[in-house]
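Visitor: Before anything else, here's the structure in question.
The values are calculated or read from the model by the stated rules, or taken from the named source; none is laboratory data. All of these numbers come straight from a predicted model, not from anything done at the bench. As a convention, Cβ positions derive from the backbone with ideal geometry for all residues, glycine included, and neighbour counts pool all protein chains shown.
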Amino acid sequence: MLRLASACAVALALSAAVPAQAADAQLQAAVDAAHRAPANKARDAARHPVETLTFWGLKPKQTVIELQPGGGYWTEILAPYAKATGGTYVATAADLANPQLSEAAKKGRATFEAKYADAAVYGPIKYVNFGPVSGPLGPPGSADLVITARNIHNWMMNGSLDKILKDAHAVLKPGGVLAVEEHRADPKPELPGVTNGYVATATVIAAAEKAGFKLDAKSEINANPKDTKDHPFGVWTLPPTRQSARSGQPADPNFDRAKYDAIGESDRMTLRFVKAG
């Protein structure tokens, strides 16, 4: 799992070398843009946005769906890129059609939409309901790229992984890409219930193949050989979460963070799957 020697690691193909793609100027401009939060820009050295999106095959005029965008690290890049290139950025959001949806979830969606409401910067972001009983992600065969970053462990925990991957497969065009970034357990074994947040690469591949995808390529772009994966509070001990106490407990001011901050963000798999067709 050592990082590839080159500064910008290229993909490891399954059956033949995958040619490196040159990142386009508009993608670089979106990454460099002044509107991005300083905290997100500070994470670029660990998340490699240009290299990662290039590996996944991001191109102008695509329809891109991001599953559970969280705080919007990728939203800040993908939405302006879609605006600049004639594409469409779709973010999943709390399922307003679910009568069981909590008020907190409704508020969270409203806050996210308000944060990215400036159409002059982000364009007309589209939102689609997302949850355990939500409907399709969009019309069948309508998307070019579906992205999930650091979500699979959560979906394994709540039992929704199969549904989500099936929905992703349905919304993608033939030849469309499922792009995955996930905390990587290898070479350590995956813990029952993925309680430490690290997932085996084989688990992700098997789940995607079950949904009908074919693994196209792997990349070491987001590898971190310093990550020993034996932290007291799982992957959440590392940046950016920097957990210092058990979940539900207040942060421990005496917890020695130095070792974990020195590791940096987690070791992650970066995978590209395709929908056959």
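Visitor: Suppose we keep only residues that are under 20 Å from Q62 (Cα atoms) and among the charged types (D, E, K, R) within the stretch 153-180. Which one would you say is nearest to the chain's Cα centre (by Cα)?
Guide: Ranking the qualifying residues of the stretch 153-180, first place goes to D167.
Visitor: Related question: Testing K41 on (1) in contact (Cβ under 8 Å) with a residue 24 or more places away in the chain; (2) surrounded by 15 or more Cβ atoms within 10 Å (Cβ to Cβ), one condition comes back false. Which one is that?
Guide: With respect to (1) in contact (Cβ under 8 Å) with a residue 24 or more places away in the chain; (2) surrounded by 15 or more Cβ atoms within 10 Å (Cβ to Cβ), K41 is out only on (1).
Visitor: Give me the residue from the stretch 54-77 that is in contact (Cβ under 8 Å) with a residue 60 or more places away in the chain and assigned to a helix (DSSP H, G or I) and, out of that set, nearest to P139 (Cα to Cα).
Guide: W56
Visitor: Ok, one more. Tally time: how many residues in the stretch 149-180 are touching a His at 6+ places or on another chain (Cβ under 8 Å) and either part of a helix (DSSP H, G or I) or among the β-branched types (V, I, T) (or both)?
Guide: Qualifying residue count, the stretch 149-180: 1.
Visitor: When the stretch 238-263 is examined, which residues are found to be part of a loop (DSSP other than H, G, I, E, B), out of contact with any Ser or Thr (no Cβ under 9 Å at 6 or more places or on another chain), closer than 29 Å to L53 by Cα and without any contact (Cβ under 8 Å) to a residue 40 or more places away in the chain?
Guide: T241, R242
Visitor: Quick check on the stretch 210-224. Is at least one of its residues within 21 Å of G131 (Cβ to Cβ), modelled with pLDDT of 95 or more and among the hydroxyl-bearing types (S, T, Y)?
Guide: Within the stretch 210-224 (the criterion being within 21 Å of G131 (Cβ to Cβ), modelled with pLDDT of 95 or more and among the hydroxyl-bearing types (S, T, Y)), the answer is no, since none of the residues qualifies.
Visitor: What residue, among those in the stretch 118-135 that are among the aliphatic types (A, V, I, L, M) and under 28 Å from W155 (Cα atoms), is modelled with the lowest pLDDT?
Guide: Initially, the stretch 118-135 is screened for residues among the aliphatic types (A, V, I, L, M), giving 119-121, 125, 128, 133.
So of that shortlist, the ones also under 28 Å from W155 (Cα atoms) come out as 125, 128, 133.
Values: I125: 98, V128: 98, V133: 95.
That would be V133.
Visitor: Which residue pairs have Cβ atoms closer than 6 Å, lie 6 or more positions apart in sequence or on different chains, and pair a first residue in the stretch 224-237 that is in contact (Cβ under 8 Å) with a residue 12 or more places away in the chain and under 12 Å from L191 (Cα atoms) with a second residue that is in a loop (DSSP other than H, G, I, E, B) and among the hydroxyl-bearing types (S, T, Y)?
Guide: These pairs meet every condition: K229/Y198.
Visitor: So S219 clears everything in (1) among the small types (G, A, S); (2) under 16 Å from the mean Cα position of the chain (by Cα); (3) more than 22 Å from A46 (Cβ to Cβ) except one condition, right? Which one?
Guide: Going through (1) among the small types (G, A, S); (2) under 16 Å from the mean Cα position of the chain (by Cα); (3) more than 22 Å from A46 (Cβ to Cβ) one by one, S219 breaks only (3).
Visitor: Looking only at residues that are part of a strand (DSSP E or B) and over 15 Å from the mean Cα position of the chain (by Cα) in the stretch 132-148, which one is surrounded by the fewest Cβ atoms within 10 Å (Cβ to Cβ)?
Guide: Going residue by residue through the stretch 132-148, those that are part of a strand (DSSP E or B) are 143-148.
Cutting the leftovers down to over 15 Å from the mean Cα position of the chain (by Cα) gives us 143-144.
Values: A143: 24, D144: 19.
Among those that are part of a strand (DSSP E or B) and over 15 Å from the mean Cα position of the chain (by Cα), it is D144.
Visitor: So, one more: So, in the stretch 119-131, exactly how many residues are surrounded by fewer than 13 Cβ atoms within 10 Å (Cβ to Cβ) and assigned to a loop (DSSP other than H, G, I, E, B)?
Guide: Here is the first cut: in the stretch 119-131, the residues surrounded by fewer than 13 Cβ atoms within 10 Å (Cβ to Cβ) are 119-120, 124.
Checking which are assigned to a loop (DSSP other than H, G, I, E, B) leaves us with 124.
The number of residues fulfilling the criteria is 1.
Visitor: Determine which member of the set R36, R47 is farther than 17 Å from A179 by Cα and surrounded by 15 or more Cβ atoms within 10 Å (Cβ to Cβ).
Guide: Numbers: R47 fails: farther than 17 Å from A179 by Cα.
One residue alone meets the criteria, R36.
Visitor: Let me spell it out: the conditions are (1) assigned to a helix (DSSP H, G or I); (2) free of Cβ contacts under 8 Å to residues at least 40 places away in the same chain; (3) touching a strand residue (DSSP E or B) at 6+ places or on another chain (Cβ under 7 Å), and K107 meets all of them except one. Which number is the exception?
Guide: Unmet condition: (3).
Visitor: Using the structure shown, decide if H183 is assigned to a helix (DSSP H, G or I) and either loosely packed, with under 13 Cβ neighbours inside 10 Å or at pLDDT 95 or above (or both).
Guide: no
Visitor: When the residues of the stretch 62-92 are filtered to those that are of a type in the set (F, W, Y) and under 17 Å from A120 (Cβ atoms), which remaining residue is surrounded by the most Cβ atoms within 10 Å (Cβ to Cβ)? Full working, then the answer.
Guide: If we filter the stretch 62-92 for residues that are of a type in the set (F, W, Y), which is where we start, we get 73-74, 81, 89.
Adding the requirement that they be under 17 Å from A120 (Cβ atoms) leaves 81, 89.
Working: Y81: 27, Y89: 25.
Looking at the filtered set, the residue picked out is Y81.
Visitor: Right, here's the next one. Sort out which residues of the stretch 93-104 are outside any loop (DSSP other than H, G, I, E, B) and under 17 Å from I164 (Cα atoms), and write them in order of number.
Guide: Quick first cut of the stretch 93-104, residues outside any loop (DSSP other than H, G, I, E, B) only: 93-94, 103-104.
The answer is A93, A94.
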